[in-house]
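Data block below; observations after.
The values are calculated or read from the model by the stated rules, or taken from the named source; none is laboratory data. As the structure is a prediction and not an experimental result, all values here were calculated from the model. Here the Cβ positions follow ideal geometry from the backbone for every residue, glycine too, while neighbour counts run over all protein chains shown. What goes into the accessible areas is simple: the full protein's heavy atoms, side chains included, and nothing from ligands, DNA or RNA. Shrake-Rupley method; radii C 1.70, N 1.55, O 1.52, S 1.80 Å.
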Amino acid sequence: MTVGLLAPRAAADPDPQRHTLAPGVWCVGTTCRNDTDQTHRIDWDAICWNLGAAAEWVTVPGQHTWVGPHNWAGLNADCPTEQEPGKWVQDPPYYMGYYNDSLNYFEYPKPRWEPGDTHKGVVRDARYAGAVPDNSQPPAPSPTQSLLSLLGLPSGSAG
């Protein structure tokens, strides 16, 4: 008979994607929550995705987002835009019809410039550096406040 010892299992993290940056301040993906009584500055690097660009994944370092007390905010950054090279395009000739001499005439349009496609990157993830209390900037609007603003609706509570 073999007898073995069972080691107790470590408590599983209920949310392995949650990054605690300071007591009461945490982020998941590109959204951060501040459960404290002070505004906090989140220091982070943006990881941008730019489908179709030469470099599809780009890191934009040194981003800062301020999250107000008992609020949450989405992380936004100016991801790079890539412009593909343009090209000259020659459209086919078109028929102009007959003239008095019974000859067919074709018109050959001038070549035209066609710009290349533009690829705008979007924030897909974040690499967090930390969070510190900082009231030097107004906090970012919460995603709900941003949506209400876009819709032209008041964001305050009726009282």
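For segment 91-101, the criterion of being open to solvent by less than 30 Å² (accessible area, probe 1.4 Å) and either in contact with a His (Cβ under 6 Å, 6 or more places away or on another chain) or modelled with pLDDT of 85 or more (or both) is met by none of the residues. Within segment 20-33, track down each residue that is free of Cβ contacts under 8 Å to residues at least 40 places away in the same chain and closer than 14 Å to residue 139 by Cα. If the condition is that a residue be free of Cβ contacts under 8 Å to residues at least 40 places away in the same chain and closer than 14 Å to residue 139 by Cα, then 33 is the only one that fits.
State which residue pairs qualify: first residue of a type in the set (Ser, Thr, Tyr) and inside segment 48-62, second residue at pLDDT 85 or above and surrounded by 14 or more Cβ atoms within 10 Å (Cβ to Cβ) in any location, beta carbons under 6 Å apart, and separation of 6 or more residues or different chains. Within 6 Å, the pairs are 59/45; 59/47.
What about residue 79, is it touching a residue at least 40 places away in the same chain (Cβ under 8 Å) and part of a strand (DSSP E or B)? Break it down into steps so the answer makes sense when it comes.
Values: touching a residue at least 40 places away in the same chain (Cβ under 8 Å): yes; part of a strand (DSSP E or B): no.
Here the answer is no, as residue 79 does not meet what is asked.
Checked across segment 28-36, the condition of being over 15 Å from residue 122 (Cβ atoms), modelled with pLDDT of 90 or more, among the acidic types (Asp, Glu) and open to solvent by 100 Å² or more (accessible area, probe 1.4 Å) holds for no residue.
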